[in-house]
Amino acid sequence: MNPFTEPIGVTHYLCVGAVLMVCGMLCMFTKRNALGVLMGIELVLNAANVNLVAFGSSWLRADAARSIALDGQLLAMFVIVLAAAEAAVALAIVLCYYNTQATVDVDKASKLKG
Amino acid sequence: MADSLRWLPLLLELAWLLPLGSFVLIVFFGPLMGKGGRGAGWLATAAIMCSFVLSIAAATVWLSEHPLVHSSARDGSEHDCGASADEHCPAVAHKRAVPAAIFVERYVLAQFDQLRLSVAYWIDALTVAMFCMVTLVASCIHVYSTGYMHEELHEVTDQQVRTADGTALRRPGRYCRFFQYLSLFCFSMLGLVLAGNLAMVFAFWELVGICSYLLIGFYFERRSASLAANKAFIVNRVGDFGMLVGLMAAWSGFGTLALGDTTDAQGRLVQRGIFSQVRPAEADYRLTVPDGMVRMAAAEEISAMVANAHARRPAGEQGQFVEQHKATVDQWQSAEQQSAAAARWQSSEQPKAAAAQRWSVERRQPAAEAQVADRLPWWRSQGYGYWLLVIAGLGLFCGCVGKSAQFPLMVWLPDAMEGPTPVSALIHAATMVAAGVYLVARLYPMFAPEVLLVIACIGCLTLFIAATIAITATDIKRVLAYSTVSQLGYMMFALGVGGWLAGLFHLFTHAFFKALLFLCSGSVIHACGTNDMTQMGGLRRKMPWTAYTMLVGCLAICGAGVPLVVGLSGYYSKDAILAQALSFRAANPAWGGIVVVAFLGAGITAFYMFRMWLMTFAGQPRDKHIYQHAHESPLVMVGPLVVLAILAVVSGWPVPGTALSLESLLEQARPAGAAAGLDQGVLVAGLVIPDEHLSHENPVFHTSAALTAFAVSLLGVLLAAVFYGLPWLDPQVIRRAFAPIYSLLVNKWWLDEIYHYMLVAPTLRLSQLAAWLDRRAIDWLADGLARATALVAQLDDRFDRLVVDRAIDHAADWTYAFGLRLRRVQTGNIRQYLMVLAAGTVALFLLVSWFWR
Amino acid sequence: MEAINWHSVFFYLFAALACGAAAAVVLCGNIVRMAFALVAALGAVAGLFFLAGADFLGALQLLVYVGGTMVLLVFGVMLTSHSPLFALRSGAGHWIAAVVIGACLLTVLLRAALAANAWASPPPPQQLPPRLQPTTSQIGLALLGVRTDKLDRPDPVLQKGMCGYLLPFEIASVHLLVVLIGAMFLARTKRRMAATGSGSNSSQSIPRQLEIGNANRPHDAQNPTCTPPGE
């Protein structure tokens, strides 16, 4: 069965989303650099966007009438906007942290530990 | 009620409440009134004088509605009023009429089923007269007190009280307090006189008692004064116990404590009062045992009747015994043959049954009740419940015995001399002791002949014992105190032998001359600084006003006068008593002995009164020092003496040209049917209380009484003159000749000692035993219990420490250690958190998919 | 032999690019490389959006993410990049734990993705719309509160074109404004302190900075920048 001749479904997108998600999570798990963690967050948000767009797309499923239609794209749009805002604030915090602590190592930011 | 009579309760109410207002004002503002509270005296005096004026106004109102008839024309044309309640009816000729009286319920405090506790007034001629007398005498005493008590205006040095360092006690003056007590005293007495039900009587009765306690103990730093106050109070408690018994008997028997009939706004009868129950008009005002007492006495017969009525009732017949109907109705319903009857009963009887269930056994059974009502007259004629009436009467009299210092309870009155002299005058003349006599007179209709006989005997015994003790007393106030006791005995005696008017008449005349005598003695004491007559003598030259007004008092108390023509006030009242006594003797020869004692008492009275006067004012001074310092009292003290002396002379006389006299005024209040020779003794066979009119109408009694009393009194005066005035005979010789009798008398018949050994000492011993038991047994038990408790507590404490505390400490330690360990979980490492978060998400997902299959 | 579905081909192309770039982000140690790998991944995702018919969203992704957010990120990287910070590496234990948890998560997600049959069955090619329908105007109307894509649904509310996103749109705009101010505030105050501190020495320490902060106080006092309250 040739994958290139078969049409693409929601599941394919979901799989891509899952991979992106896991990559983002791994990025967050393993990066000590605060900016790396931020990038992981961006990946995770994008994975969610992929899923939302896939759910709302009328090309990817047979029963398109039951899809969430444009809602997916609108939600994804809000996610992008929020991600941009989050990135701005997070970067400001990182800069702040860097200015006071002279490092961007998140492992060092453990002053409030128990 | 006539229009003007409508004002009567208001006038008397004002007269009654004015002293209370004065009391309240002095309590709060007394010390602010002038220097040392001088204004308090004027305020109290003004209040009581206003009361007097109001009382006179009330008397005028009363007399304008009830014109007096001359006492000699009393027989058939007596003035009369119909109902005893609010209604005043025009005169109706009747031999034994209900006296004119007003019964007003001002305010109902509480109502318990049938018992109404209310502020009620019973106003009749006696009330009005008492108001006038009490306020007049009290006014004189108030005026006198403003002079007598002036020492209390500033700091007082009491030589009779030594402080711990041996110096005389110095204390601030208590002028205000004295007058505030006096005002309260007057208020209480007036309230007692005005009271329209026995509950109110009792309340003011006790108020009078507490006032006397406060005033007798006025110099409470003196041990003797505080003991005397305690004695007066405790002895009165003994009497009041009897009174409470009487009150309870009266309440249970009459079902009410009101003296008059209670009516509602429309004038309909709500509840019959004591007087109309015990002397119902239907029975021609004969003494009638009230239904309640008959029922109580016939309780067994009534329950038997109820049981019979119950047993006789046919099954289907309509309601006789509701209880049984209710109990058996279920059976009837199940039994088919009687279902018709049951239905009939249910339809007709059910509502009635519900209503009747609240009532007593008799009321639940109309048929039985009818039978009982039929039998009541028969039971009454058989004497059922009579003893209950006797007990009620005796109980109430018991209270009077305590208050009026009659024979067994007379010991407190002489000791009460510890109070200031004006107080003694007030107690002896107008308020405290008069209360007992007044109450006997007020409740006269409900006393059975047997009770009256007891009253007569007690009075007779009292008058004789007190008179004999007075012979040997040397304290001027004690002589007067025993004289009071003796005269109160006379009054009781008079009331007991049927002389209702005579007893009350003597109460009034005695009030005037005894107040006079006490105030005179106060003047003497004020002048000499001592009570002891053996240190006086010849004082008439120093203080003539006191001496001669006192002589008037002595003559009045002796009953001096020209026999059958004219005399001082005491002449008339004592004459009336003795005439009634003779009448009683004629009717009851078996009890004639007590009459002899009464005559003997008259002689002794004359003897000791003149002994006192002669020792004090005549002869040579026995103590030069005291004599030289003696002086006449100031005008505020002499003025009342003169007023009272005039009253002591004239209070027995009618107002010239009119029928107005004290006697005829009191005659208006004579209780219907009482002492009218109607009542025969039931428990004492043949006892007759003769009609008082007989002794007036029969010249034999009157003449013989007057002549004999005059002779006996003259003999007493002569004897006194022989011993003390013209010292022909030395009293010492007589004293030695009759040594045992003298020691009996000088020791007051050993009454105090007898009480001490019979009552006080056993009580003390009992309490010592109780104390010993307390210490040995109960304390031991209590200590043991305490020790056991302590032991248990220690064990408990150990358990607490070893088990509970340790457990809690362990739990706390463990929690702390756990927290320490748990703290390490919070590493502050964000990536770790994220990993845990993801792992948690996965775990959650697995869990959900596992259970959501 | 069926015809090659170019839609699918491009999907696989972009999917592979996205996944590969994402994996590169994870695996790269250098923060700058990570940033460029991320740009690639986000760009590939934008391609996927186009393939799903979301043209406006794809453009937005390219503009905002690749053009904006990434510039911001790179800017941040450059601000904070000093030689010792490049070699921030996690230990092996962390890596193992991360991979285990990541594998579990991937399993769970893939299972979920493959579980629903409705999603797994793509429409037959003949049902596909013949050409790309632009969604820009639809999204614009939706943001203004009017929905045009669900007029055929039975719900009467939807048939009236309601159920738009006007309120979230407004909230998002206010949110952006607040974020803008907040980020500016956060970065600005500290930057001044950092600027004075970084001028003297590259290896700063906290006490040193506090000293500098204290040293600046008199200067502040001479030139009061604080405005009286209420103005």
Just to be sure I understand, how many residues within the range A:79-104 are outside any helix (DSSP H, G or I) and either surrounded by fewer than 17 Cβ atoms within 10 Å (Cβ to Cβ) or in contact with a helix residue (DSSP H, G or I) (Cβ under 6 Å, 6 or more places away or on another chain) (or both)? 1
Conditions (1) within 30 Å of residue A:31 (Cβ to Cβ); (2) away from every other protein chain (no Cβ under 14 Å); number of the one not met by residue B:825: (2)
From the option list B:233, B:204, B:187, B:220, single residue qualifying as within 16 Å of the chain's Cα centre (by Cα), more than 16 Å from residue B:430 (Cβ to Cβ) and either crowded, with 24+ Cβ neighbours inside 10 Å or aromatic (Phe, Trp, Tyr) (or both) is B:233
Pairs, first touching a residue at least 60 places away in the same chain (Cβ under 8 Å) in the range B:207-219, second assigned to a helix (DSSP H, G or I) and surrounded by fewer than 20 Cβ atoms within 10 Å (Cβ to Cβ), C-beta under 7 Å, six or more apart: B:209/B:233; B:217/B:226
Looking only at the range C:1-17, filter to residues that are crowded, with 17+ Cβ neighbours inside 10 Å and in contact with a Gly (Cβ under 8 Å, 6 or more places away or on another chain); which one of those is farthest from the other protein chains (Cβ to nearest Cβ)? C:17
Residue B:781 vs (1) over 60 Å from the mean Cα position of the chain (by Cα); (2) more than 9 Å from every other protein chain (Cβ to nearest Cβ): all pass except (1)
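How many residues are among the aliphatic types (A, V, I, L, M) and either surrounded by 22 or more Cβ atoms within 10 Å (Cβ to Cβ) or in contact with a Lys or Arg (Cβ under 7 Å, 6 or more places away or on another chain) (or both) when one looks only at the range C:18-34? Even if it seems obvious, please write down each step before you answer.
In the first step, residues of the range C:18-34 are kept if they are among the aliphatic types (A, V, I, L, M); the result is C:18, C:21-27, C:31-32, C:34.
Now restrict to residues that are either surrounded by 22 or more Cβ atoms within 10 Å (Cβ to Cβ) or in contact with a Lys or Arg (Cβ under 7 Å, 6 or more places away or on another chain) (or both): C:18, C:21-22, C:25-26, C:31, C:34.
Here the count works out to 7.
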Please name all residue pairs, on different chains or six or more residues apart, with Cβ atoms under 8 Å, provided the first residue is in the range B:594-616 and is closer than 13 Å to residue B:466 by Cα and the second residue is surrounded by fewer than 24 Cβ atoms within 10 Å (Cβ to Cβ) and among the polar types (S, T, N, Q). B:604/B:468
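So if I check each of B:593, B:601, B:537, which one is farther than 30 Å from residue B:41 by Cα and in contact with a Gly (Cβ under 6 Å, 6 or more places away or on another chain)? Explain how you work it out, then say what you get.
Details: B:593 fails: in contact with a Gly (Cβ under 6 Å, 6 or more places away or on another chain); B:601 fails: in contact with a Gly (Cβ under 6 Å, 6 or more places away or on another chain).
Criteria check complete, one pass: B:537.
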What tally of residues in the range B:689-707 results from selecting those that are surrounded by 17 or more Cβ atoms within 10 Å (Cβ to Cβ) and either at pLDDT 85 or above or not in a loop (DSSP other than H, G, I, E, B) (or both)? 9
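Filter the range B:273-313 down to the residues that are in a helix (DSSP H, G or I) and hydroxyl-bearing (Ser, Thr, Tyr), then identify the one that is surrounded by the most Cβ atoms within 10 Å (Cβ to Cβ).
Among those that are in a helix (DSSP H, G or I) and hydroxyl-bearing (Ser, Thr, Tyr), it is B:276.
Just to check your reading of the model, which residue among C:59, C:54 is more than 9 Å from every other protein chain (Cβ to nearest Cβ), within 30 Å of residue A:76 (Cβ to Cβ) and not hydroxyl-bearing (Ser, Thr, Tyr)? Give the steps one after another, and end with the answer.
On the way: C:54 fails: more than 9 Å from every other protein chain (Cβ to nearest Cβ).
Going through C:59, C:54 in turn, just one is more than 9 Å from every other protein chain (Cβ to nearest Cβ), within 30 Å of residue A:76 (Cβ to Cβ) and not hydroxyl-bearing (Ser, Thr, Tyr): C:59.
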Could you check residue A:56 against (1) of a type outside the set (Ser, Thr, Tyr); (2) surrounded by fewer than 23 Cβ atoms within 10 Å (Cβ to Cβ); (3) more than 7 Å from every other protein chain (Cβ to nearest Cβ) and say which number it fails? (2)
Name the residue that is farthest from the other protein chains (Cβ to nearest Cβ), counting only residues in the range A:63-78 that are crowded, with 16+ Cβ neighbours inside 10 Å and outside any helix (DSSP H, G or I). A:67
State the number of residues belonging to the range B:617-659 that are touching a residue at least 24 places away in the same chain (Cβ under 8 Å), farther than 25 Å from residue B:721 by Cα and of a type in the set (Gly, Ala, Ser). 5
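Return a yes/no flag: does the range B:832-848 have any residue that is farther than 30 Å from residue C:103 by Cβ, free of Cβ contacts under 8 Å to residues at least 60 places away in the same chain and within 14 Å of another protein chain (Cβ to nearest Cβ). Please lay out each step first, then the result.
Of the range B:832-848, the ones farther than 30 Å from residue C:103 by Cβ are none.
No, that holds for no residue.
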Restricting attention to the range B:12-22, report how many residues are surrounded by fewer than 24 Cβ atoms within 10 Å (Cβ to Cβ) and in contact with a helix residue (DSSP H, G or I) (Cβ under 6 Å, 6 or more places away or on another chain). 2
Selection status of residue A:49, in contact with a helix residue (DSSP H, G or I) (Cβ under 9 Å, 6 or more places away or on another chain), without any contact (Cβ under 8 Å) to a residue 12 or more places away in the chain and either more than 7 Å from every other protein chain (Cβ to nearest Cβ) or among the polar types (S, T, N, Q) (or both): no
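Residue check: is residue B:372 over 24 Å from residue B:126 (Cα atoms) and at pLDDT below 85?
Values: over 24 Å from residue B:126 (Cα atoms): yes; at pLDDT below 85: yes.
When the stated conditions are applied, residue B:372 passes them.
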Could you grab the pairs with beta carbons closer than 7 Å, sequence gap of 6+ or different chains, first residue in the range A:8-19 and at the interface with chain C (Cβ under 7 Å from one of its Cβ atoms), second one of a type in the set (Lys, Arg)? A:9/A:61; A:10/A:61
Total residues in the range C:152-184, condition within 11 Å of another protein chain (Cβ to nearest Cβ) and over 29 Å from the mean Cα position of the chain (by Cα): 4
Just the residues that are crowded, with 22+ Cβ neighbours inside 10 Å and either touching a Cys at 6+ places or on another chain (Cβ under 6 Å) or under 15 Å from residue B:462 (Cα atoms) (or both), please, taken from the range B:569-602. B:594, B:595, B:598, B:601, B:602
Report yes if residue C:153 is out of contact with any Phe, Trp or Tyr (no Cβ under 9 Å at 6 or more places or on another chain), surrounded by 10 or more Cβ atoms within 10 Å (Cβ to Cβ), farther than 30 Å from residue C:75 by Cα and at pLDDT below 85, otherwise no. yes
Take the residues in the range A:25-37 that are more than 7 Å from chain C (Cβ to nearest Cβ) and buried (at least 24 other Cβ atoms within 10 Å of the Cβ); name whichever of them is nearest to residue A:98 (Cα to Cα). A:34
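The values are calculated or read from the model by the stated rules, or taken from the named source; none is laboratory data. Every value quoted in this text rests on a predicted model; they were computed, and no experiment measured them. Every residue, glycine as well, gets a Cβ built from its backbone with ideal geometry; the counts of neighbours run over all protein chains shown.
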